[in-house]
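Single-structure report; data block below.
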Amino acid sequence: MQSLVAAVERLDPLTVSGRVAAVNGLLIEARGGLSRLAVGARAEIDRVGEGPLAAEVVGFRETRALLMPFGPVEGVAPGAPIRIEPQAATVRPTTAWLGRIVDAFGEPIDGLGPLPQGMAAYPLRASPPPAHARDRVGERLDLGVRSMNVFTTCCRGQRLGVFAGSGVGKSVLLSMLAKNSDCQAVVVGLIGERGREVREFIEESLGEEGLRRAIVVVATSDEPALKRRQAAYMTLALAEFLRDQDLDVLCMMDSVTRFAMAQREIGLAAGEPPTTKGYTPTVFTELPKLLERAGPGPTRPDGTTAGPITGIFTVLVDGDDHNEPIADAVRGILDGHIVMERSIAERGRFPAINVLKSISRTMPGCHAPFERQIVKDARRALSAYANMEELIRIGAYRAGADPEVDRAIQLYPALEAFLSQDKDEATGLDASFAALSQILNEAA
């Protein structure tokens with residue numbers, strides 16, 4: 001019976017036809033069939049000398065529908081036929097997708113053949129589960145990265161943001177998390193990445209071991225805005241499928257900023273008014289809808305709870321300004337933020353995390369009393385050194401002037417070594433706290 005239902009669901013719904021009325025930049029205006037249209041409907045446009053062009057309805061203007069294409073508009077002529085499917089976009093994944101690389105449509109791009117299709121259809125633009133139906137965040141998640149395990153401890157179902165400028169090491173940090181985190185499945189969304197870096201990330205950073213339990217969704221920077229935005233939706237839809245299989249899922253997206261930029265392009269083309277730094281109002285509407293889809297699993301009608309989706313979302317801060325609009329909006333939505341700084345990377349410490357500016361909102365509740373004391377002592381030492389760093393470097397600080405600063409200077413080399421970690425190195429939660437405790441005790 002389930003096979004029959006799935007076959008019926010795959011039948012093409014009623015197709016509405018229209019015609020191209022005008023092309024303005026990346027915006028295609030259509031006439032005809034408007035009574036059956038809705039925002040988000042998919043369409044195919046016939047092109048001269050080319051295959052059909054996929055598009056999506058993004059708005060309306062008087063008697064015309066406004067469509068954005070998923071590809072180049074070359075070959076679109078006035079009066080070209082348009083076939084519109086009112087049904088929203090869906091994906092039918094299976095667990096056999098683990099280890100594969102797909103595009104924004106869920107089509108394989110790794111050359112390993114077609115993907116099997118599952119029974120259930122998952123909408124790409126699903127609504128987040130109701131707040132009252134969600135479980136609370138679970139136990140601590142071992143991320144394998146010492147600085148994050150101790151100073152920004154993450155719980156299962158929590159959502160963290162990684163805030164950094166370009167070239168500071170976000171992608172390398174994500175690869176460490178994908179390989180070393182204590183989870184059952186990983187979904188990685190590479191949104192707006194440089195084309196040459198995709199293969200490097202998959203083969204070198206992620207590696208065969210990391211890819212084996214991961215699904216990677218790719219939409220490079222040269223692809224249309226609609227496709228980049230859809231890749232972000234696809235990433236969360238695949239994570240929701242794995243969650244519903246009761247798997248412990250780690251969902252990572254690099255980066256949310258490029259999702260916001262894609263939404264800005266779409267909004268401006270559709271006639272939305274620009275606001276701060278040109279971002280349109282729908283950008284700040286879509287961000288929480290996307291990010292809230294990650295989190296603890298919802299409770300099912302039978303009383304069981306789906307698996308959690310732990311979210312790690314990177315934010316590319318514009319000009320290293322951590323208070324720019326997208327960074328500010330995302331920081332207010334997520335359950336913590338990890339700040340990576342260029343100055344730390346320039347002195348050769350990776351991952352370049354500034355632990356004094358990074359916060360996990362599940363702390364200190366997820367720590368045992370002795371762990372809280374360890375973190376408190378380490379933060380105090382790092383803060384004391386940071387406050388006097390310039391004087392220490394130029395030799396203006398005199399030993400003995402402040403006992404706390406003297407201890408911070410003594411601890412600093414060992415703490416820097418603790419915070420530094422090779423990309424192929426993994427350290428568990430308990431081992432991380434034990435190593436930091438040993439450093440602090442030796443200087444006591």
Exercise for review: For the stretch 74-87, name all the residues that are farther than 25 Å from LEU124 by Cβ and either outside any loop (DSSP other than H, G, I, E, B) or of a type in the set (A, V, I, L, M) (or both).
Suggested key: ALA77, ALA80, PRO81
Check your understanding: Pick from the stretch 401-432 the residues that are open to solvent by 80 Å² or more (accessible area, probe 1.4 Å) and part of a loop (DSSP other than H, G, I, E, B): which of them is modelled with the highest pLDDT?
Key -> ASP422
Exercise for review: Determine whether the stretch 170-188 contains at least one residue that is modelled with pLDDT of 90 or more and within 24 Å of GLU56 (Cα to Cα).
Suggested key: no
**Study point:** Which numbered condition ALA378 misses (of (1) crowded, with 18+ Cβ neighbours inside 10 Å; (2) small (Gly, Ala, Ser); (3) touching an Asp or Glu at 6+ places or on another chain (Cβ under 9 Å))
**Key:** (3)
Study note, to complete from the structure: Condition set charged (D, E, K, R) and within 20 Å of GLN263 (Cβ to Cβ), scope the stretch 322-371, selection most open to solvent (accessible area, probe 1.4 Å): answer is ASP328
Practice item. Return the pairs, sorted by first residue and then second, in which the second residue is open to solvent by 10 Å² or more (accessible area, probe 1.4 Å) and at pLDDT below 90, the first residue lies in the stretch 171-191 and is more than 17 Å from VAL217 (Cβ to Cβ), the beta carbons are less than 8 Å apart, and the residues are 6+ apart or on different chains. Key: VAL172/SER205; VAL172/LYS423; MET176/LYS423; LYS179/GLY207; LYS179/GLU209
Check your understanding: Has the stretch 128-141 got any residue that is open to solvent by less than 20 Å² (accessible area, probe 1.4 Å), in contact (Cβ under 8 Å) with a residue 40 or more places away in the chain and not small (Gly, Ala, Ser)?
Key -> yes
Review point. Which residue pairs have Cβ atoms under 8 Å apart, sit 6 or more places apart or on different chains, and have a first residue in the stretch 109-121 that is within 24 Å of ILE202 (Cα to Cα) and a second that is loosely packed, with under 14 Cβ neighbours inside 10 Å and of a type in the set (Asp, Glu)?
Key: LEU115/GLU107
Exercise for review: Could you look through the stretch 165-175, keep only residues that are in a helix (DSSP H, G or I) and of a type outside the set (S, T, N, Q), and pick out the one that is surrounded by the most Cβ atoms within 10 Å (Cβ to Cβ)?
Suggested key: LEU173
Review point. Where in the stretch 29-73 are the strands (runs of 3 or more DSSP E), entirely inside, with at least 2 residues that are over 22 Å from LEU124 (Cα atoms) and open to solvent by 30 Å² or more (accessible area, probe 1.4 Å)?
Key: 42-47, 50-61
Exercise for review: Kindly provide the set of residues from the stretch 176-194 that are open to solvent by 10 Å² or more (accessible area, probe 1.4 Å) and either within 18 Å of ALA232 (Cβ to Cβ) or among the hydroxyl-bearing types (Ser, Thr, Tyr) (or both), ordered by number.
Suggested key: GLU193, ARG194
Check your understanding: Going by the conditions given, is ARG398 open to solvent by 50 Å² or more (accessible area, probe 1.4 Å), out of contact with any strand residue (DSSP E or B) (no Cβ under 6 Å at 6 or more places or on another chain) and among the charged types (D, E, K, R)?
Key -> yes
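The values are calculated or read from the model by the stated rules, or taken from the named source; none is laboratory data. Values in this document were obtained by computation on a predicted structure and should not be read as measured data. FYI the Cβ positions are ideal-geometry reconstructions off the backbone, even for glycines, and counts take in every protein chain you see. In case anyone asks, the SASA skips ligands and DNA or RNA and just uses the protein heavy atoms, side chains included. Shrake-Rupley method; radii C 1.70, N 1.55, O 1.52, S 1.80 Å.
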